[in-house]
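Shown next, in structure tokens, is the structure this report addresses.
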Amino acid sequence: MIPLFYFLLAWIVFLGLYGLMALMSIYQFMRFGIAQTGTWLTTVIFCTVTFLVVMGTGYLLIGVDWNQSLNLLGMFSVSAPAYLQ
């Protein structure tokens with residue numbers, strides 16, 4: 001039995017790693033990209049889409065009961081196959 005809370009913590013850790021990588025990408029894009037309207041527009045679109053996806057996922061995760069447990073071993077049947085019964 002694995003508490004669902006562990007999956008929330010893993011999501012937060014991966015979200016933090018994504019944030020660091022996104023910041024490095026934005027820095028590289030702005031530093032070495034051509035400083036034109038297209039550069040700024042694509043950066044704003046990237047940040048907006050990222051924000052919307054994270055907020056949408058967060059909104060959906062609000063309704064989850066994080067005190068529940070997940071039984072990963074319960075999906076494997078330990079009984080004999082049907083043709084042997």
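Things worth noting here:
- Only one of the numbered conditions (1) modelled with pLDDT under 85; (2) surrounded by 10 or more Cβ atoms within 10 Å (Cβ to Cβ); (3) touching a strand residue (DSSP E or B) at 6+ places or on another chain (Cβ under 8 Å); (4) not aromatic (Phe, Trp, Tyr) is violated by Gln68, and that is (1).
- The numbered conditions (1) out of contact with any strand residue (DSSP E or B) (no Cβ under 9 Å at 6 or more places or on another chain); (2) modelled with pLDDT of 85 or more are all true for Gly38 except (2).
The values are calculated or read from the model by the stated rules, or taken from the named source; none is laboratory data. Since we're looking at a predicted model, the values are computed, not measured. Methodologically, a virtual Cβ is constructed for each residue, glycine included, from the backbone with ideal geometry; neighbour enumeration extends over all protein chains shown.
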